[in-house]
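Derivation of every value follows stated rules applied to the coordinates shown; laboratory data play no part. The structure displayed is predicted, hence computed values, not measured ones. Every residue, glycine as well, gets a Cβ built from its backbone with ideal geometry; the counts of neighbours run over all protein chains shown.
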Amino acid sequence: MEAENKLIYMDNAATTPVHTKVLECMLPYFTNSFGNASGLYSLSVEAKKAVTQARKILADMLDCYQDEIIFTSGGTESDNLAILGAADAARRSEKGNHIITTNIEHPAVRNTCEFLGQQGYDITCISVDRKGMVNPLEVEKAITKKTILVTVMLANNEIGTIQPIREISRITQSHKVLLHTDAVQVFGQLPCKAAELGIDLLSGSAHKFYGPKGIGFLYCKRGTKITCVQHGGRQENGRRAGTENVPLIAGLGKAAELAGQRLEEQAAAVREIRNIFMQRIMNEIPGSRVNGDIMNRLPGNLSVTFEGIEGESLLFHLDMHGICASSGSACSTGSKEMSHVLKAIGHTKEEARGTLRFTLSYSNTQEEIEYVMKHLKESIEMLRALKDL
Ligand SMILES: *Cc1c(COP(=O)(O)O)cnc(C)c1O
């Protein structure tokens, strides 16, 4: 008998479990070492040390200065702070009001840009090709004298396509325009060095790489002017008010440290198991098609469109067998609207509906692939047969 009670988790782009070492690292800061990191007694010194240590780890991984890291409540806040902050600072200096973005951004960027559009900013939204790739020349063409910011995600959460950010940053640098990148799907999964990427602002989030939810960071290059979004105390060099969330910051640091120790190995392992899964789907399930770019792709991402399938029904069947995957993206699940990313790469409503996203991690095994394949094939055959009745 197979283990029907087992949970097979293939939705790591939505979130990841907290690593036990990360949990252990956080616990003392909830209890014994609960001090406010801004205090002056020894209890606070311990808290302050934890925050400094986490900042140091992130700075090492990003190859940047420690004062270029701002702790936030997660990827969403980092995106908001980068975009709203840069937009307001530019408005104050009367630089301009034009922002360039793409049509595949995460809602945290997409809706922030839309909000700025309503506030009178001029937003240009660049289209991607059928693989979800931004053409750097399109970015260059869109730049005007009034352009203050370009925001292009490093890799897409739905289809996994990795953008040519270095080529884009050469363009933004030569035009002296700020470049922000949402690296939430990349930081902790693949090497991510600020200077190498040539970006000015970069967002990351702990819960996408075995850290806790509700904590993230914004890399803000020295000299980059951003207005703070949240007003209050002088924490984070006056750029993000509010008592430091010491336990979660310590957890973010630990998660980054663990990820950093095995970055390349883990990416290679995930890529290998993903490729095996992808090959098997292609070979064994007729009418299936992989979305996104095969080469420039997040190691764990597998987005597949199954012809004539209602994705939500398929997910339901998989869930009955303990398999967690996602339709389109976790953020758009529950809404009736078609995923803007699948629309951007030219999917019809039917194709979008038949699309599932599996996002694997290093802990997925060959046996799990075997088990998922069995249920995937059975469910798809059954759903297609029902449809033909
Ligand atoms: C998850 C995600 C976010 C949001 O991060 P939170 O920490 O959940 O707010 C932003 N951008 C991308 C690409 C993501 O995958």
Need one number: nm distance between label points at Ser93 and Gln173, each 7 Å from Cα along Cα→Cβ, rounded to one decimal. 1.8 nm
What's the Cα-based Rg to Rh of the stretch 1-123, Rh via Kirkwood? 1.10
I want the antiparallel fraction of DSSP beta bridges within the stretch 96-225, as a percent rounded to 5. 30 percent
Cα-Cα over 24 Å: which of Lys225/Lys254; Lys176/Lys225; Lys131/Lys387; Lys6/Lys343; Lys95/Lys221; Lys146/Lys208? Lys225/Lys254; Lys131/Lys387; Lys6/Lys343; Lys146/Lys208
What number, in nm² with one decimal, is the all-direction average of the projected area of the convex hull of the alpha-carbon atoms of the stretch 271-327? 4.2 nm²
With 17 Å as the cut-off, how large is the P(r) tail for the stretch 198-268, expressed as percent of Cα-Cα pairs? 55 percent
Can you give me the relative contact order of the stretch 254-357 as a percent, contacts being Cα pairs under 8 Å and 6 or more apart? 26 percent
Round to the nearest 10 and give me the degree value, 0 to 90, for the angle of helix 42-62's Cα axis relative to the longest principal axis of the chain. 60 degrees
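How do the peptides 114-121, 21-28, 265-272 rank, highest first, by the average count of neighbouring beta carbon atoms within 10 Å per residue?
21-28, 265-272, 114-121
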Expressed in angstrom and rounded, the centroid-to-centroid distance over alpha carbons for the stretch 5-81 and the stretch 83-119 is 27 Å
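Output the antiparallel fraction of DSSP beta bridges having both residues in the stretch 20-261, as a percent to the nearest 5.
Counting only bridges with both partners in the stretch 20-261, antiparallel ones make up about 40 percent.
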Cα axis of helix 263-284 to longest principal axis of the chain: angle in degrees, 0 to 90, nearest 10? 30 degrees
Express the relative contact order of the stretch 20-261 as a whole percentage, based on alpha carbon pairs under 8 Å and six or more residues apart in sequence. 28 percent
Quick one: give the max-minus-min coordinate of the C-alpha atoms of the chain along each principal axis, largest first, in Å. 68, 54, 33
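Given only helices, namely DSSP H runs of n ≥ 4 each adding -39500 (n - 2.57), what is the per-residue ellipticity at 222 nm of the chain, to the nearest 500 deg cm²/dmol?
Result for the chain, helices only: -13000 deg cm²/dmol.
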Could you give the angle, 0 to 90 degrees to the nearest 10, between helix 246-261's Cα long axis and the longest principal axis of the Cα atoms of the chain? 60 degrees
In the calculated pair distance distribution of the stretch 48-194, what percentage of Cα-Cα distances lie above 19 Å? 54 percent
Within the chain: Cβ-based charge dipole about Cα centre, in debye rounded to nearest 20 (Lys, Arg +1; Asp, Glu -1): 1240 debye
So if I restrict to the alpha-carbon atoms in the stretch 345-389, what is the Rg, and what is Dmax, the biggest pairwise distance, in Å? 13.8, 41
Mean Cβ-within-10 Å packing, highest first, puts peptides 315-327, 174-186 in the order 174-186, 315-327
